[in-house]
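> I have a structure here, written as structure tokens, and I will follow up with some questions on it.
The values are calculated or read from the model by the stated rules, or taken from the named source; none is laboratory data. Predicted model only: the values in this text are computed from it and were never measured. Here the Cβ positions follow ideal geometry from the backbone for every residue, glycine too, while neighbour counts run over all protein chains shown.
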Amino acid sequence: MACSLMETSPRDHVTDLSAPPAAPGEWADQATPWGIAAASTRSVAIIIIDHDGMIMAWNDGAQDMFGYHARDVIGRPILNFAEASSQSQAMETLLDPFADDGYSRWYRHCTGRLVFCMARMSLLGTRGDGSAQQALFLCDATDIRERFEALGRRLIEQEERCDEALNADACKDRCLALISHELKQPLTTILLVTERLLGLPADTQVQRITEDLQDFRSATRRMARIVDDLLDISRVRAGKIRLEPMLVHVDELVRHVSATIAATAPDSRIVVDVEASDCRCMGDPVRLEQIISNLLHNAIKFSGSGGRINVRVECDDGFAKIEVADDGIGISREFLPHVFSMFGQEPGARSSSREGLGIGLALVNDLVKAHAGRISARSDGIGKGARFTVWFPLAIKSMPAQPMPSRVASFDRVL
């Protein structure tokens, strides 16, 4: 048996296809090398095409792969059977490991299903009339391609998760730096005032002591606001905030909040103009006050001396619409999509008079959503002011209004 194998040459088991078929009819003639290859090979589609890509011959393997009989495809362009979607066009890019000569791509079976084929092209020479012939060998690699694409999707997902983790880590570092900065100044003020009070002589005037105590109280309230805002936004995002909804006259609440904030604004020359029509909604008045006051304080903080803030309240297509517009420093087009992000602060907008953690608008956004409302921010660019608009669903007018709780008058928890 061994001697028999040694006497057999490998060439005895190989079909020589070096000579091109003289005519397409050689595929059906099993006495020719091409006929033998066509008849014995069903796992590989062997297709002869001319220099224009027109099909000249089509073996049984091609029929099995695509479902078409040779008589239905002879004389038709091979790319007629290719899937022309953007997915298949992407196969031809240099970044695709399957792309080579443009024939490794998705094809469509006669039933409509997609088949991905890896292709190899072999130049057979020219016929008697001078036309070139090429042999196209196609192998069904649908399973390989689908696994390759699934791997690509997983890699993209892992990249996105990695980016999210890196962003979260950077956000944590920024948060710690901001909190440290924001707490350092009021703590320093408290220490200085305390030392000054302890060093005062017994005959010090009451007025001087009162001023120092006011500074002390202001610094303490600032630290309390920072802690309160951080706790509020963490509760909202954890779904642990508890709303106490009641029927609220939005116009009355906005007038009350605007008047109080305008009276306590650091710059007495800032004008807050309110125009409000009768609107009612169901909501937690304390949280609604927090939303409005944060928007107003944000407008004041970023308005110049003598600036003007316009507040409008109106009913708009089933919603109570609150609009706060200022003529301040504005928001750049690049930063506008991130204005409601946690710790979002536009580069260059921070100054000693505009300090903050950058969580005020993020908290407003979350509280608005908790009330089934929506919020938007618009600005024509730096130096052109900003406009924030909030919509809350209107309440049924027949519902009785509840008295506003006294704690709404407290404006300590604002940025």
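> For Val257, indicate whether it is assigned by TED's automatic domain parsing to the domain that holds Lys384, among the aliphatic types (A, V, I, L, M), touching a Cys at 6+ places or on another chain (Cβ under 7 Å) and in contact (Cβ under 8 Å) with a residue 24 or more places away in the chain.
No: the conditions fail for Val257.
> Please specify each residue of the range 219-238 satisfying the condition of being hydroxyl-bearing (Ser, Thr, Tyr) and in contact (Cβ under 8 Å) with a residue 24 or more places away in the chain.
Scanning the range 219-238 gives a single hit, Thr220.
> A follow-up question, please. Of all residues being touching a strand residue (DSSP E or B) at 6+ places or on another chain (Cβ under 8 Å) and among the hydroxyl-bearing types (Ser, Thr, Tyr) in the range 260-311, which is nearest to Ala362 (Cα to Cα)? Just the residue, please.
Ser303
> Which condition breaks for Phe343 when tested against (1) in a loop (DSSP other than H, G, I, E, B); (2) at pLDDT 75 or above; (3) of a type in the set (Phe, Trp, Tyr)?
It is condition (2) that Phe343 fails.
> Hey, another quick one. Somewhere in the range 141-151, is a residue more than 26 Å from the chain's Cα centre (by Cα), surrounded by 14 or more Cβ atoms within 10 Å (Cβ to Cβ), modelled with pLDDT of 75 or more and not in a helix (DSSP H, G or I)?
Yes: one or more hits.
> Filter the range 220-249 down to the residues that are in a helix (DSSP H, G or I) and out of contact with any helix residue (DSSP H, G or I) (no Cβ under 8 Å at 6 or more places or on another chain), then identify the one that is surrounded by the most Cβ atoms within 10 Å (Cβ to Cβ).
Once the filter is applied, the top-ranked residue is Arg225.
> Just to verify a result, which residue in the range 80-97, among those that are surrounded by 14 or more Cβ atoms within 10 Å (Cβ to Cβ) and at pLDDT 75 or above, is nearest to the chain's Cα centre (by Cα)?
Looking at residues that are surrounded by 14 or more Cβ atoms within 10 Å (Cβ to Cβ) and at pLDDT 75 or above, I get Glu83.
> Could you please let me know if Leu176 is modelled with pLDDT of 65 or more and part of a helix (DSSP H, G or I)?
no
> Identify, by number, the condition in (1) at pLDDT below 75; (2) under 26 Å from Ile47 (Cβ atoms) that Ala135 doesn't meet.
Condition (1) is where Ala135 drops out.
> Tell me yes or no: at least one residue of the range 281-289 is within 29 Å of the chain's Cα centre (by Cα), over 30 Å from Lys172 (Cβ atoms), surrounded by 14 or more Cβ atoms within 10 Å (Cβ to Cβ) and in contact (Cβ under 8 Å) with a residue 60 or more places away in the chain.
yes
> Now for a separate question. Being of a type outside the set (A, V, I, L, M, F, W, C), under 44 Å from the mean Cα position of the chain (by Cα) and surrounded by 13 or more Cβ atoms within 10 Å (Cβ to Cβ) is the filter here, so list the residues in the range 186-214 that pass it.
Listed by number, the residues that qualify are Pro186, Thr189.
> Same structure again: Return yes or no: is Ile241 in contact (Cβ under 8 Å) with a residue 60 or more places away in the chain, closer than 28 Å to Ala395 by Cα and under 33 Å from the mean Cα position of the chain (by Cα)?
Yes, satisfied.
Each row is one residue, and each column tells you yes or no for (1) at pLDDT 85 or above; (2) more than 46 Å from the chain's Cα centre (by Cα); (3) on the phi > 0 side of the Ramachandran plot; (4) not aliphatic (A, V, I, L, M).
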| position | (1), (2), (3), (4) |
| --- | --- |
| Asp29 | no, yes, no, yes |
| Ala38 | no, yes, no, no |
| Ser43 | no, no, no, yes |
| Asp64 | yes, no, no, yes |
| Gly67 | yes, no, yes, yes |
| Ala70 | yes, yes, no, no |
| Pro77 | yes, no, no, yes |
| Ala99 | no, no, no, no |
| Gly102 | no, no, yes, yes |
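> I'd like to verify a number: residues in the range 133-154 that are touching a residue at least 40 places away in the same chain (Cβ under 8 Å) and either of a type in the set (Gly, Ala, Ser) or touching a His at 6+ places or on another chain (Cβ under 7 Å) (or both), how many?
2
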